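Student: I have a structure I would like to understand better, so I am pasting it below and will then ask my questions one at a time.
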Amino acid sequence: PYSEIQANDYNLNIPRYIDSSEPEDLQDISAHLYGGIPQRDIDILESYWKVFPSLRTELFKDNGRDGYVELKLSKDNIREIIYHHPEFKGYAESIKKAFEEWKNDNWTKLNEIKNREQPKHFIEDISKSLLDKYTKISLIDKYDVYQCLMSYWEETMQDDVYSIVFDGWESGRDVEREMVKKKDGTITGKMKSFEGRVIPKALMIERYFRKEQHSIDQLESEREEIAAQMEEMKEEHGGEEGLLTEVINDKGSITKGELQKRIKEIKHDKEATEELKILQQYEKLMTKESKLASDIKDAVSALDKLVYDQYEKLSIEEIKDLVVERKWCRTIYEGIDNIYSAISHNLANRIIELVERYEETLPQIEEEVDSYETKVKSHLERMGFPWK
């Protein structure tokens, strides 16, 4: 109220009116002494129990002391019980359903962006609609959901919408190219790389060229495996007087030239049979890695050409599917899903924290200390040191 502002000499510093500090996490001395989890710590999680009422009784039981409970199951199973509980799954579905309703309500608006449309009005409408959809869902903060959309709008979606408003959905075919430059800065006619103006290259590959990308991934995996074998050989035979020491340079690497030179030197030396064997093994791996690197480069170039040509072939309906469904909606929902995941993790983490905090009482700890003390005393006496 205005009176409160006036009482603060019209100082509008936010902390004067809103306490953002976290409540103190109090330790319970009685629980540390006699065991059990304080009932009040479980009651503080009431916002969760309202949404998952039967989950509470599935996790906890009375431990015989007034005001204290204990876990019904092993603490290792806490996450599994929570994440697989029917009420928890139902809550996840409500999060997803709210998003699907928002998407359906705004589907026409998202797909029918036209010239002269005001992007500011566009984002106001769809963001307000998203806020409304999550207003009645407990636990999740509707403004966190709203922020998912607004952050994405600032980072990416805003530029996409402006491009579509000014140049139509045809802008989905546009490609921004980076050209190769000479040392003097002169631009050559060769393209170094490219990226879709509205549709990312990675999204095009996912939609149209998964098979080709999978082949590249397999080649890269094989190359990594070969590189790991080479590194393992260097570690095993690269020390002082190691069989690879002669070919490892000051930078810790092995060049093909030095390797072949050394093989030629000892090829007919009977005393260097073992070294020759290791060098030839390493040379084979180096040749394989070089061949794989070349194959990967060729495959990537071929895929780039396919992707580049595919942009021009896109129909308006394909562009809308890629931009609206696969880019915008997917990214926004991933952000919302991360918020939901944080909620579930927070509950599980807090319960585990309370269980671990009070699982060992002070008498148990003292008994354990006494046991270790006795063992240490016994060891010292056997070693000839008197216990003092």
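Student: Do me a favour and compute the ellipsoid semi-axes for segment 179-299 from its Cα gyration tensor, root of five times each eigenvalue, largest one first, whole Å. Don't skip to the end; give the middle numbers.
Tutor: Values: eigenvalues 316, 74, 29 Å².
Computed over segment 179-299, the values are 40, 19, 12 Å.
Student: In whole Hz, what ³J(HN,Hα) sequence does segment 232-246 give by Karplus (6.51, -1.76, 1.60; θ = phi - 60°), x for Gly and Pro?
Tutor: 5, 5, 5, 5, 6, 10, x, x, 4, 6, x, 6, 10, 4, 5
Student: Follow-up. Between 113, 129, 69, whose Cα lies farthest towards the positive end of the dipole of segment 24-150 when Lys and Arg beta carbons carry +1 and Asp and Glu beta carbons carry -1, centred on the Cα centre?
Tutor: Looking along the dipole axis, the top candidate is 113.
Student: Would you kindly find the accessible area of residue 176, with a 1.4 Å probe and non-protein molecules such as ligands, DNA and RNA excluded, rounding to the nearest 10 Å²?
Tutor: Here the residue's solvent-accessible area equals roughly 110 Å².
Student: Ordered by residue, what ³J(HN,Hα) values in Hz, to whole numbers, does segment 26-32 give under the Karplus form 6.51 cos²θ - 1.76 cosθ + 1.60, where θ = phi - 60° and Gly and Pro are x?
Tutor: Karplus values, whole Hz, x for Gly and Pro: 6, 8, 9, 4, 4, 5, 5.
Student: May I ask you to derive the relative contact order of segment 143-291, considering only C-alpha pairs under 8 Å and at least 6 residues apart, and to give it as an integer percent?
Tutor: Details: 99 pairs, mean separation 21.2, N = 149.
The normalised contact order for segment 143-291 reaches 14 percent.
Student: Using alpha-carbon positions, what is the distance between the centroids of segment 145-185 and segment 10-88, in Å?
Tutor: 46 Å
Student: Go through segment 192-266 and name the GluC sites (Glu not before Pro) that are in a DSSP coil and have 14 or fewer other Cβ atoms within 10 Å of their Cβ.
Tutor: 240, 241
Student: Please give me, ordered by residue number, the trypsin sites (Lys or Arg not before Pro) of segment 174-248 that lie in loop per DSSP and have at most 14 other Cβ atoms within 10 Å.
Tutor: Here the trypsin sites (Lys or Arg not before Pro) that fit, given the DSSP loop and packing criteria, are 182, 183.
Student: Let me ask something else. What figure in square angstrom, to the nearest 10, would you give for the accessible area of residue 71 with a 1.4 Å probe?
Tutor: 30 Å²
Student: Quick one: ranking 323, 376, 180 by accessible area, 1.4 Å probe, largest first, what do you get? Walk me through the intermediate numbers first.
Tutor: Values: 323 0, 376 75, 180 45 Å².
Per-residue accessible area, sorted high to low, gives 376, 180, 323.
Student: Test of understanding: what is the full-extension gain from residue 80 to residue 369, defined as 0.36 nm times their sequence separation minus their Cα-Cα distance? Provide the component values of the computation, followed by the final result.
Tutor: Details: separation 289, 0.36 × 289 = 104.04 nm, distance 3.35 nm.
Length difference between fully extended and current span is 100.7 nm.
Student: Nearest 20 debye, what's the magnitude of the dipole of segment 137-260 about its Cα centre given +1 on Lys and Arg Cβ and -1 on Asp and Glu Cβ?
Tutor: Charge dipole, segment 137-260, about its Cα centre: 900 debye, nearest 20.
Student: Next question, about the same structure. Can you give the charge dipole size of segment 284-388 about its Cα centre, rounded to the nearest 20 debye, using +1 on the beta carbon of Lys and Arg and -1 on the beta carbon of Asp and Glu?
Tutor: 580 debye
Student: Got the relative contact order for segment 1-131 handy, in percent, Cα pairs under 8 Å and 6 or more residues apart? The partial results should precede the final answer.
Tutor: Values: 56 pairs, mean separation 20.1, N = 131.
The value is 15 percent.
Student: For residue 6 and residue 175, calculate 0.36 nm times their separation in residues minus their Cα-Cα distance, and state this gained length in nm to one decimal.
Tutor: Gain on extension, residue 6 to residue 175, equals 55.1 nm.
Student: So, in nm, how far is label residue 57 from label residue 288 when the simple model puts each one 7 Å beyond its Cα toward the Cβ?
Tutor: 6.1 nm
Student: Now a separate question. I'd like the accessible area for residue 157, computed on protein heavy atoms only with a 1.4 Å probe and all protein chains in place. Round to 10 Å², please.
Tutor: Here the residue's solvent-accessible area equals roughly 0 Å².
Student: Compute the Cα gyration tensor for segment 247-360, then decide on rounded, prolate or oblate, letting a ≥ b ≥ c be the square roots of its eigenvalues: rounded whenever a/c is under 1.5, prolate when a/b is larger than b/c in the other cases, and oblate in all that remain.
Tutor: Taking the square roots of the gyration eigenvalues as a ≥ b ≥ c, segment 247-360 is oblate.
Student: Given the C-alpha centroids of segment 93-143 and segment 225-255, what is the distance between them in whole angstrom?
Tutor: When both Cα centres are located, 58 Å separates them.
Student: Taking a ≥ b ≥ c as the square roots of the Cα gyration tensor eigenvalues, with a/c under 1.5 meaning rounded and otherwise prolate when a/b beats b/c, else oblate, which class fits segment 13-92?
Tutor: Details: a/c = 2.50, a/b = 1.19, b/c = 2.10.
In terms of gyration-tensor shape, oblate.
Student: Enumerate by residue number the trypsin sites (Lys or Arg not before Pro) in segment 240-349 meeting two conditions: DSSP loop (anything except H, G, I, E, B), and at most 13 other Cβ atoms within 10 Å of the site's Cβ.
Tutor: Passing both the DSSP loop test and the Cβ count: 251, 267.
Student: Can you put 148, 329 in order of accessible area, largest first, using a 1.4 Å probe?
Tutor: Working: 148 30, 329 5 Å².
So the residues, ranked largest to smallest area, are 148, 329.
Student: Give the relative contact order (percent, whole number) for the chain; include only Cα pairs under 8 Å separated by 6+ residues.
Tutor: Answer for the chain is 21 percent.
Student: By the gyration tensor of its Cα atoms, with a ≥ b ≥ c the square roots of the eigenvalues, what is the shape of the chain: rounded for a/c under 1.5, prolate for a/b over b/c, or oblate?
Tutor: Note, shape of the chain comes out oblate.
Student: Towards the positive end of the charge dipole of the chain, with charges on Cβ (+1 Lys, Arg; -1 Asp, Glu), say which of 18, 48, 94 has the farthest Cα.
Tutor: Result: 94, furthest along the dipole toward the positive end.
Student: Quick one: Karplus J couplings for segment 187-194, per residue in order, coefficients 6.51, -1.76, 1.60, θ = phi - 60°, nearest Hz, x for Gly and Pro?
Tutor: 7, 8, x, 9, 8, 7, 7, 8
Student: Continuing with this model, one more query. Charges only on Cβ, +1 for Lys and Arg, -1 for Asp and Glu: so what's the dipole of the chain about the Cα centre, in debye to the nearest 20?
Tutor: Details: 59 positive and 83 negative charges, 309 e Å.
The dipole of the chain has a size of about 1480 debye.
The values are calculated or read from the model by the stated rules, or taken from the named source; none is laboratory data. Keep in mind that what you see is a predicted model, and the values were worked out from it rather than measured. Here the Cβ is made from the backbone with ideal geometry for all residues, glycine too, and neighbour counts use every protein chain on show. Areas reflect the complete protein model, heavy atoms only, side chains present, ligands, DNA and RNA absent. Shrake-Rupley method; radii C 1.70, N 1.55, O 1.52, S 1.80 Å.
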